[in-house]
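What follows draws every value from the coordinates through simple rules; no lab data is involved. It should be emphasised that the depicted structure is a prediction, and the values quoted were computed from it without experimental measurement. Cβ coordinates were reconstructed from backbone atoms using ideal geometry, including for glycine residues, and neighbour counts include every protein chain displayed.
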Ligand SMILES: Cc1cc2nc3c(=O)[nH]c(=O)nc-3n(C[C@H](O)[C@H](O)[C@H](O)COP(=O)(O)O)c2cc1C
C-alpha cells in the first residue's frame, strides 16, 4: 500500500510544510491574496521588496502584456520597512502565513539598514535579498551583475541574523560566478531568477510602452521558464549543497515538478497570480496530484533528480497538459480571476505533449546476436497498451 504523500521541504535551515511560495512583487506587500488563497497553506508568502525608506517607483504604465508573459517596470515601489511592519505584516501573521521579507537598496549600507529593521519581526522566517537594483556607487550598474557588489549586499544583510536567501538576476554571462559570491558572503539559499531585461515599443506612437521609457522593464511569465529551469539546473550542478528556490513562469504543478527535478528545493509563483490570484494554491494542488499520480511519496525525492537520471533525453510527459498558451490580459493582483487564459488544455493522446508514455525499452539481445545496425531493420514492436490518461491539470477557473 502506498504511504501518505509528504510535501515537506527545507530551504537551507528553514523547514516548510510544502514547496510552493509566492514570488516577491506579484502579490503585494501584505495579505492581498487572502480573499483567494488561505495563506497559511502555502509554503510561505514572499512580500514585495522593501527598502529601509519609502520609495515611489516608476511612472505608469508599469505593466505590458507580451506573448507568454509580461513586462513590468514597477520600480520597487514600497512603503519602507517601518511602515510595512506596522501596516502590512500584522495582516499576514494573523492569517498564519510564514513570511519571507524581501529587501533591496541603492547602496550596500541600505541593505544593512533594511535588514536590521527586520530583526525580531514576528512571522518572518527568512530574508530574501533582492540584488536586481541599481547600485548608486557603481554608476547604477545592478548589484546582481557584479559578484563583488552582490557579495557586499548579502554580507550587509547578514547583520539581521535571519536565514539569508539571495535573489539573482539571469542577465549575466555566468550566473554561477555571482551565486558563488553570494554563498561565500553568507547566503544559504539562491532564489533563481528575477526578471529578464526587456523592452516594448509601440510602433503606432513610435514611443516606449512603459513609463520607465528607455529603462525598459523586466520580462516574466511562462516565456522565461526555460531560462529559470536552466539557471536552477546549472547552479544545482555547481553547488550541490546549496538551497535553491526556483522562480520564473511556474503556473502549474507540473512546472513546479520541472523546477524541482532541475534542483529546486522550493518554487515561487509570480506572474501566474496576475491571471488568477488563486494560482499559488492551484500549483500546490497540481504538484500534490502529480506526485500521487506518479507514485511519489516524498516530494524531496524530486529535488535534483534529473542530475541522477540515467535517461536524460525523455521528452514524454505523462502528467497531461504541458503546452503553454498565454492568452489574456494581465490584471492587477486582487482583481477577479481572469477567465481569458487557455493554458492547461490536454493535448490529444499520441502527440508529443499528450498522455502517451514512451515505448518500453527493447528486450535485451542474446549474446552474439546481431544488433540493429548489423543486419536488416528489426521487426516492428507491437504498440504498448495506452494507460488511461491522468486527470487534466487546470490553471484557470
Ligand atoms: C509586477 C512584478 C513586480 C515584481 N517585483 C519584484 C520585487 O519587488 N522584488 C523581486 O525580487 N522580484 C520582483 N519581481 C520578480 C518576480 O518575483 C519573479 O522573480 C519574476 O517575475 C519571475 O517569476 P514569474 O515568471 O513567476 O513571475 C516582480 C515581478 C513582477 C511581474
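In terms of other Cβ atoms within 10 Å, 133, 291 run from fewest to most in the order 291, 133. Stretched out straight at 0.36 nm per residue, the stretch from residue 109 to residue 159 would grow longer than its current Cα-Cα span by 16.9 nm.
Working from Cα pairs under 8 Å separated by at least six residues, relative contact order for segment 9-308 is 19 percent. With semi-axes defined as the square roots of five times the eigenvalues of the C-alpha gyration tensor, the equivalent ellipsoid of segment 55-143 measures 25, 19, 12 Å, largest first.
Measuring r between the beta carbons of residue 176 and residue 82 and using R0 = 41 Å, the FRET efficiency lands at 0.70. Among beta bridges identified by DSSP and lying wholly in segment 29-117, the antiparallel ones come to about 60 percent. Treating each Cα of segment 9-308 as one equal point scatterer and applying the Debye formula with no solvent, the log10 of I(q)/I(0) at q = 0.08 Å⁻¹ comes out as -0.30. As a proxy for reagent exposure, ranking 269, 229 by other Cβ atoms within 10 Å from fewest up yields 229, 269.
Working ranking of peptides 204-213, 168-177 by packing, defined as the average number of other Cβ atoms within 10 Å per residue, highest first, is 168-177, 204-213. With the highest mean first, a sort of the peptides 153-161, 233-241, 42-50 on other beta-carbon atoms found within 10 angstrom per residue produces 42-50, 153-161, 233-241.
Temperature 25 °C, viscosity 0.890 mPa s: under these conditions the Stokes-Einstein estimate for segment 1-95, based on its Kirkwood radius over C-alpha pairs, is 159 µm² per second. Taking packing as the residue-averaged number of other Cβ atoms within 10 angstrom, the listed peptides 21-28, 34-41, 111-118 run from highest to lowest as 21-28, 111-118, 34-41.
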